[in-house]
1. In the chain, how many lysine pairs have Cα atoms under 24 Å apart, counting only pairs 8 or more places apart or on different chains?
2. Within the accessible area of the chain, what % is carbon and sulfur when the probe is 1.4 Å and the other protein chains stay in place?
3. Just to be sure I understand, if you calculate Rg and Dmax of the Cα atoms in Å for this structure, which of (1) 22.5, 85; (2) 15.3, 41; (3) 18.5, 70 do you get?
4. How big is the dipole moment of the chain about its Cα centre under a simple scheme where the beta carbon of each Lys and Arg is +1, that of each Asp and Glu is -1, and everything else is neutral? Debye, nearest 20, please.
5. In whole Hz, with x marking every Gly and Pro, tabulate ³J(HN,Hα) for the range 47-64 from phi via Karplus 6.51 cos²θ - 1.76 cosθ + 1.60, θ = phi - 60°.
6. Run the simple label-point estimate for E80 and L60 please: 7 Å along Cα→C-beta, distance reported in nm.
7. Under a crude label model (7 Å from the Cα following the beta-carbon direction), how far is E119 from R48 in nanometres?
8. How much accessible area per residue does the range 20-116 have, in Å², with a 1.4 Å probe?
Amino acid sequence: LNDNPSHYKITLSGTVKSPKINFDPPFLMLMPVPLDVKTETTINIIPRDYLRESRIQVELPELELEDGDRICPFSVQFPEGQDIVLSSDGTNKELICHISFRSSKPVSFSGAMFFTDKEEN
């Protein structure tokens, strides 16, 4: 460099990793229960490749009953919080999520619950 007109070419390469969330178990089946009795289970949410903190939000399904009423019989709790945190070794800590169902009217449901981060992934 120092007044030398030589040109240098630098080539950079890299891999972009998009953050994602995996679930253990990958799907959920709650057992049938009598009316107004709660059934629940626990899932592990496994965040991957998050480089900064984020927060998990859950969109719970609203169900329409035969009489036209709409209910949301599901609830979720995150006993240790719902923040995705980057640990000192560069990995993300798993989150525990309790999912419960209770209905005072007969209902059956097969569908999706949506878990998103603050970037709406």
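1. Lysine pairs meeting both conditions in the chain amount to 6.
2. It is 49 percent, rounded to a whole number.
3. (1)
4. 360
5. Going residue by residue, I get x, 10, 6, 7, 9, 9, 4, 8, 10, 7, 10, 10, 9, 8, x, 9, 9, 9 Hz, with x marking Gly and Pro.
6. With each label placed 7 Å out from Cα toward Cβ, I get 2.3 nm.
7. 1.5
8. Per-residue accessible area for the range 20-116 comes out at 68 Å².
The values are calculated or read from the model by the stated rules, or taken from the named source; none is laboratory data. Keep in mind that what you see is a predicted model, and the values were worked out from it rather than measured. Virtual Cβ from ideal backbone geometry, glycine too; neighbours counted across all protein chains shown. Accessible surface areas use protein heavy atoms only, side chains included; no ligands, DNA or RNA. Shrake-Rupley method; radii C 1.70, N 1.55, O 1.52, S 1.80 Å.
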